[in-house]
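Shown next, in C-alpha cells, is the structure this report addresses.
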Amino acid sequence: MDTTPDVDADVVVVGAGCAGTAAALKLAQAGLSVIVIDRGDTPGAKNLSGGVLYTHAATDLFDGFLAHAPVERVITRNVVQFLNAGSGVAIDYRDQALEGNAVSVLRARLDPWLAAQCESAGAMVMPGVRVDRLVIEDAGGQRRVLGVEAGGDTLRCHHVVAADGVNSFLSRAAGLRSAPRPNQLAVGIKSTVALDAAAIEARFGVSGHEGAAFAVVGDCTEGIGGGGFLYTNRESVSIGVVLRLDDLAASGKTSSDVHDRFLAHPLVAPYLKGGELLEYGCHLVAEGGLAMVGEIAMDGLVVVGDAAGLTLNTGLTVRGMDLAMASGAAAAEAIAAGQANGEAAGIGADYRRRLFASFVGKDMETYAKAPAFLERRRLYGAYGDLAASVLRGAFLHDRRPRRHLASVAWGALRGSGIGLSKVAGDGLAGVRAL
Amino acid sequence: MTLSLAERLGRNSYQLDEELSHIEIDQVAAKRTGAGKILEAVCPAHVYTAQPDGSVGIEYAACLECGTCLVLAPAGVLTWHYPRGSFGIRYREG
Ligand SMILES: Cc1cc2nc3c(=O)[nH]c(=O)nc-3n(C[C@H](O)[C@H](O)[C@H](O)COP(=O)(O)OP(=O)(O)OC[C@H]3O[C@@H](n4cnc5c(N)ncnc54)[C@H](O)[C@@H]3O)c2cc1C
Ligand code: SF4
C-alpha cells in the first residue's frame, strides 16, 4: 500500500467528458476519494460530438441512463448517403431492433448530467480549472506521477486519470505519448440548427422520440478523406463534416468552405430550410485506430478515452463516446483493485488487460485495418459517381433502348476510370478492414 | 443559412480572457515557412489571417480550441495551449 499520508484524494481525474465521468463514477462507487477537474466553466462546455451515442456502456454504468439522462432522440433510422455533385444514392436502414441501441446527444447538456451522477456517488467535481501539468517525481530514472498542478496549486494523489481528450497535452508533456500525425486526426466542423419537432418528424420520417442519423460520404468532403453527418436532436439537427487533416492541408481548401458547401448541397439544404443556427463549433477526432493507442499508463497515471486514441472511424460512423466510457470504467476497476490489494505497480498492466478484454480492445483490433483502407481516395468521389451512374441507367428513361442492368453497370465502371482490379482490390480490402 | 463566419461565431458563447492570448506566433518563422496561408485555410474559426508581408494576424477571441492549427503549423511557428480555466468557448449545445 502507498505510504504517502498527505494526499488530497486517492485519485484525480482530469477531464469531465465521457471517459472521465465514467472513471470517476466507478472509483467513487468503489469507495475511493475522487476529484474531477475540468477546464470548462461547467462540464461539457468544451466538448463537441456528432453525436450518436451507442448506449450499451452508458446503460451499464449510469443507473437509469435511458430514463433520466438528457438524451435527444432514439436513433431508429440510419441512412448511408453517397453524395455526388448533382446526384445521390442512399441506403435506408430502419429496424425496430435498434430501439434504445443508440441515442443522439448534445454534450453541453449530457456532460453536466454525467458529472452530477459522479457527485451523487461521492466524487468532487471542480469545473473551471485547467490542469497545467502533471507532478512527476524522478527517482533515479524511475518516474512516477504524484499529482497535478493547476493555477500554481498542487493536488497530490495516488493515481491520476488523464481523461483530457484528443489533444491530451498532459500525457504528451509527461513524455508518455507522442503528438499524433495529421493522418491520425480529423477535424469535425459542426453546426447545430434549430428546427421544431414537427419539421424534424416530417423531414426525417420519424415520430415521437425517434430520430434519424445520416452518414454521408462522397462529394460532401470534396475529395478530402472523411464524411458528412446529419443527426436529429429533439428540436435541432447536428450537421457537419469530418475532414482528415493530412488531406485537408494537401487540398489547400478552406475548411469552413467545405462545411458550408455541404450544408448548401441541393440534397442537404432542404433538411435545414428555415432553420436558425444555434451554434458553430469544431473539435478534433482521433482516427488512427489501434496503431494510435500506444502507451496508456505509467506509474501513477492511466490515460483513457480520446486521450488514449480510443476512437473508431469505420467509414460510416465515428464511435468514441462509448469507448471512452468503457475505457474509463476499465481504468477505474484496475485502480480500485490495485488500491485494495496494495499492488499499485501492476495497475497499468491490469488496465491494459481489462481494456483489451472488453469490447473496446476487441473492436479496436477488429477495425485495425480501417484507417489505412479509408485513406484510399477513390472512396470519396469516384464510387458515389459510379453508383449513381448505374442507377441512372436503370431509372432515367429516355428514348434510348433499355439495356440489362449488368451491362449498364459495366459501362458505368468503364466510364468511371476506376478499373475492375481496383474495385476488386478496394472491395476485398474493405471487407477485411470493416 | 447564409450567415458569414463572423455572424456565425456571434451566435456562440465565449468568455474572453482579455489579459492573456492563448496563441502566440513566431512571425519570423511564419514568414520563412509560409505558415500564414496554411493556418488561414485550415482554421474553422478564421482565427488567422495571412498578411501580404508573410506575417500572420491572430484573432484569438474567435478560437474554438480544436487544436487543428497546432497539428498543421510548420514546426516552431506556433505556441498554442488551452485558455486558462473557464475562459474561451462555452458550448451550449456541443
Ligand atoms: C465532429 C465529431 C463527431 C463525433 N461523432 C461521434 C459520434 O457520433 N458518436 C461517438 O460515439 N463519438 C463521436 N465522436 C467522438 C467523441 O466525441 C469522443 O470520442 C468523445 O467525446 C471522447 O470522450 P473523452 O471523455 O475521452 O474526451 P472529451 O469528451 O474530449 O473530454 C475531455 C475533457 O477534458 C477536459 N480537459 C482537457 N484538458 C484539460 C486540462 N488540461 N485541464 C482540465 N480539463 C481538461 C475538457 O474540458 C473535456 O471536458 C465525434 C467527435 C467529433 C469531433
Ligand atoms: S484551435 Fe482550432 S479554432 Fe482555434 S485557432 Fe486553432 S484551428 Fe482555429
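The values are calculated or read from the model by the stated rules, or taken from the named source; none is laboratory data. None of the values given here were measured: they were computed from a predicted structure. As a convention, Cβ positions derive from the backbone with ideal geometry for all residues, glycine included, and neighbour counts pool all protein chains shown. Surface accessibility is based on the protein's heavy atoms, side chains included, excluding ligands, DNA and RNA. Shrake-Rupley method; radii C 1.70, N 1.55, O 1.52, S 1.80 Å.
Looking at region A:25-55, which of the residues that are more than 14 Å from chain B (Cβ to nearest Cβ) and within 11 Å of ligand 1 (Cβ to nearest atom) is farthest from the chain's Cα centre (by Cα)?
Step by step, filter region A:25-55, then rank; the result is A:THR55.
Tally up the residues in region A:112-134 that are farther than 13 Å from A:LEU155 by Cα, under 23 Å from the mean Cα position of the chain (by Cα), within 13 Å of another protein chain (Cβ to nearest Cβ) and not in a strand (DSSP E or B), please.
Selection size over region A:112-134: 3.
Hey, can you tell me all the residues within region A:311-331 that are at pLDDT 95 or above and under 12 Å from the mean Cα position of the chain (by Cα)? Walk me through how you get there before you give the answer.
Quick first cut of region A:311-331, residues at pLDDT 95 or above only: A:320-331.
A:GLY320, A:MET321, A:ASP322, A:LEU323, A:ALA324, A:MET325 - these are the residues of region A:311-331 that are at pLDDT 95 or above and under 12 Å from the mean Cα position of the chain (by Cα).
Kindly indicate whether any position in region A:5-18 is assigned to a loop (DSSP other than H, G, I, E, B), open to solvent by 20 Å² or more (accessible area, probe 1.4 Å) and touching a Cys at 6+ places or on another chain (Cβ under 7 Å). Walk me through how you get there before you give the answer.
Within region A:5-18, the subset assigned to a loop (DSSP other than H, G, I, E, B) is A:5-8, A:15-17.
With the extra rule that they be open to solvent by 20 Å² or more (accessible area, probe 1.4 Å), the set shrinks to A:5-8.
Keeping just the survivors that are touching a Cys at 6+ places or on another chain (Cβ under 7 Å) gives A:7-8.
So far as region A:5-18 goes, yes, one or more of its residues are assigned to a loop (DSSP other than H, G, I, E, B), open to solvent by 20 Å² or more (accessible area, probe 1.4 Å) and touching a Cys at 6+ places or on another chain (Cβ under 7 Å).
Could you tell me whether region B:2-20 includes any residue that is under 18 Å from A:ASN167 (Cα atoms) and within 13 Å of the chain's Cα centre (by Cα)? Let's see the steps before the verdict.
From region B:2-20, those under 18 Å from A:ASN167 (Cα atoms) are none; that's our starting set.
No: region B:2-20 contains no residue that is under 18 Å from A:ASN167 (Cα atoms) and within 13 Å of the chain's Cα centre (by Cα).
So which pairs qualify, if the first residue must be in region A:275-295 and away from chain B (no Cβ under 13 Å), the second must be part of a strand (DSSP E or B) and open to solvent by 10 Å² or more (accessible area, probe 1.4 Å), the Cβ gap must be under 8 Å, and the two must be at least 6 apart or on different chains?
A:GLY289/A:ASN313
Checking B:GLU40 against (1) under 11 Å from the mean Cα position of the chain (by Cα); (2) under 15 Å from B:LEU9 (Cα atoms); (3) among the charged types (D, E, K, R), which test does it fail?
Unmet for B:GLU40, out of (1) under 11 Å from the mean Cα position of the chain (by Cα); (2) under 15 Å from B:LEU9 (Cα atoms); (3) among the charged types (D, E, K, R): (2).
For region A:70-78, indicate whether the set of residues that are touching a helix residue (DSSP H, G or I) at 6+ places or on another chain (Cβ under 6 Å), within 14 Å of chain B (Cβ to nearest Cβ) and in contact (Cβ under 8 Å) with a residue 24 or more places away in the chain is non-empty. Walk me through it before giving the result.
Restricting attention to region A:70-78, the residues satisfying the condition of being touching a helix residue (DSSP H, G or I) at 6+ places or on another chain (Cβ under 6 Å) are A:70, A:76.
Those still in the list that are within 14 Å of chain B (Cβ to nearest Cβ) too: A:70.
Narrowing further to those that are in contact (Cβ under 8 Å) with a residue 24 or more places away in the chain: A:70.
Looking for residues that are touching a helix residue (DSSP H, G or I) at 6+ places or on another chain (Cβ under 6 Å), within 14 Å of chain B (Cβ to nearest Cβ) and in contact (Cβ under 8 Å) with a residue 24 or more places away in the chain, one finds at least one in region A:70-78, hence yes.
Does region A:362-373 contain at least one residue that is among the charged types (D, E, K, R), touching an Asp or Glu at 6+ places or on another chain (Cβ under 9 Å), touching a residue at least 24 places away in the same chain (Cβ under 8 Å) and not in a loop (DSSP other than H, G, I, E, B)? Full working, then the answer.
We begin by selecting, within region A:362-373, every residue among the charged types (D, E, K, R); these are A:362-363, A:365, A:369.
Add one more test, that the residue is touching an Asp or Glu at 6+ places or on another chain (Cβ under 9 Å), and what stays is none.
No: region A:362-373 contains no residue that is among the charged types (D, E, K, R), touching an Asp or Glu at 6+ places or on another chain (Cβ under 9 Å), touching a residue at least 24 places away in the same chain (Cβ under 8 Å) and not in a loop (DSSP other than H, G, I, E, B).
Each row is one residue, and each column tells you yes or no for (1) open to solvent by less than 60 Å² (accessible area, probe 1.4 Å); (2) within 16 Å of ligand 1 (Cβ to nearest atom); (3) of a type in the set (S, T, N, Q); (4) touching a helix residue (DSSP H, G or I) at 6+ places or on another chain (Cβ under 8 Å).
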{"residue": "B:GLU7", "(1), (2), (3), (4)": "no, no, no, no"}
{"residue": "B:ARG32", "(1), (2), (3), (4)": "no, no, no, no"}
{"residue": "B:LYS37", "(1), (2), (3), (4)": "no, no, no, no"}
{"residue": "B:PRO44", "(1), (2), (3), (4)": "yes, yes, no, yes"}
{"residue": "B:GLN51", "(1), (2), (3), (4)": "no, no, yes, yes"}
{"residue": "B:ALA61", "(1), (2), (3), (4)": "yes, no, no, no"}
{"residue": "B:GLY67", "(1), (2), (3), (4)": "yes, yes, no, no"}
{"residue": "B:LEU78", "(1), (2), (3), (4)": "yes, no, no, yes"}
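I'm trying to understand the selection: among the residues of region B:9-20, which are assigned to a loop (DSSP other than H, G, I, E, B) and either facing chain A (nearest Cβ under 8 Å) or loosely packed, with under 15 Cβ neighbours inside 10 Å (or both)? I'd like the intermediate steps shown before the answer.
First, pick out the residues of region B:9-20 that are assigned to a loop (DSSP other than H, G, I, E, B): B:11-13, B:16-20.
Hits for region B:9-20 are B:ARG11, B:ASN12, B:SER13, B:LEU16, B:GLU18, B:GLU19, B:LEU20.
With the condition kept exactly as written, say whether any residue in region A:241-250 is within 14 Å of another protein chain (Cβ to nearest Cβ), hydrophobic (A, V, I, L, M, F, W, C), under 15 Å from the mean Cα position of the chain (by Cα) and away from ligand 2 (no atom under 16 Å from the Cβ). I'd like the intermediate steps shown before the answer.
Applying the first criterion (within 14 Å of another protein chain (Cβ to nearest Cβ)) to region A:241-250 yields A:241-250.
Imposing the further condition that a residue be hydrophobic (A, V, I, L, M, F, W, C) reduces the set to A:241-243, A:245, A:248-250.
Now narrow it down to the ones that are under 15 Å from the mean Cα position of the chain (by Cα): A:241-243.
This time we only want the ones that are away from ligand 2 (no atom under 16 Å from the Cβ), so: none.
No: zero hits.
Considering only residues that are touching a residue at least 24 places away in the same chain (Cβ under 8 Å) and on the phi > 0 side of the Ramachandran plot, look in region B:69-94 and name the one that is nearest to the chain's Cα centre (by Cα).
Filtering region B:69-94 for residues that are touching a residue at least 24 places away in the same chain (Cβ under 8 Å) and on the phi > 0 side of the Ramachandran plot, the one nearest to the chain's Cα centre (by Cα) comes out as B:GLY88.
Can you name the condition, by its number, that A:ARG234 falls short on among (1) in contact (Cβ under 8 Å) with a residue 60 or more places away in the chain; (2) assigned to a strand (DSSP E or B); (3) open to solvent by 40 Å² or more (accessible area, probe 1.4 Å); (4) among the charged types (D, E, K, R)?
That leaves (2) as the condition not met.
So in region A:262-274, with the set limited to residues that are within 13 Å of chain B (Cβ to nearest Cβ) and open to solvent by 20 Å² or more (accessible area, probe 1.4 Å), which one is nearest to A:ASP363 (Cα to Cα)?
Of region A:262-274, the ones within 13 Å of chain B (Cβ to nearest Cβ) are A:262-265, A:268-274.
Add one more test, that the residue is open to solvent by 20 Å² or more (accessible area, probe 1.4 Å), and what stays is A:264, A:269-271, A:273-274.
Values: A:ALA264: 35, A:ALA269: 35, A:PRO270: 36, A:TYR271: 33, A:LYS273: 38, A:GLY274: 40 Å.
Within region A:262-274, the match that is nearest to A:ASP363 (Cα to Cα) is A:TYR271.
Residue-by-condition table, conditions (1) under 21 Å from A:LYS26 (Cβ atoms); (2) open to solvent by 60 Å² or more (accessible area, probe 1.4 Å); (3) outside the structural domain of A:ALA22 (by TED's automatic domain parsing):
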site: A:GLN96; (1), (2), (3): no, yes, yes
site: A:ARG109; (1), (2), (3): no, yes, no
site: A:PRO112; (1), (2), (3): yes, no, no
site: A:ALA115; (1), (2), (3): yes, no, no
site: A:CYS118; (1), (2), (3): yes, no, no
site: A:VAL131; (1), (2), (3): yes, no, no
site: A:ASP138; (1), (2), (3): no, yes, no
site: A:ARG143; (1), (2), (3): no, yes, no
site: A:ASP164; (1), (2), (3): yes, no, no
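For B:ILE25, work out the one condition from (1) touching a strand residue (DSSP E or B) at 6+ places or on another chain (Cβ under 8 Å); (2) within 11 Å of another protein chain (Cβ to nearest Cβ) it doesn't fulfil.
Status for B:ILE25: all satisfied but (2).
Look through region A:282-329, keep the residues that are over 16 Å from A:ASP164 (Cα atoms) and of a type in the set (Val, Ile, Thr), and return whichever of them is least open to solvent (accessible area, probe 1.4 Å).
A:THR314
Being part of a helix (DSSP H, G or I) and closer than 16 Å to A:VAL131 by Cβ is the filter here, so list the residues in region A:22-55 that pass it. Talk me through it step by step, then tell me what you get.
The first filter runs over region A:22-55 and keeps only residues part of a helix (DSSP H, G or I), leaving A:22-29.
Answer for region A:22-55, where residues must be part of a helix (DSSP H, G or I) and closer than 16 Å to A:VAL131 by Cβ: A:ALA23, A:ALA24.
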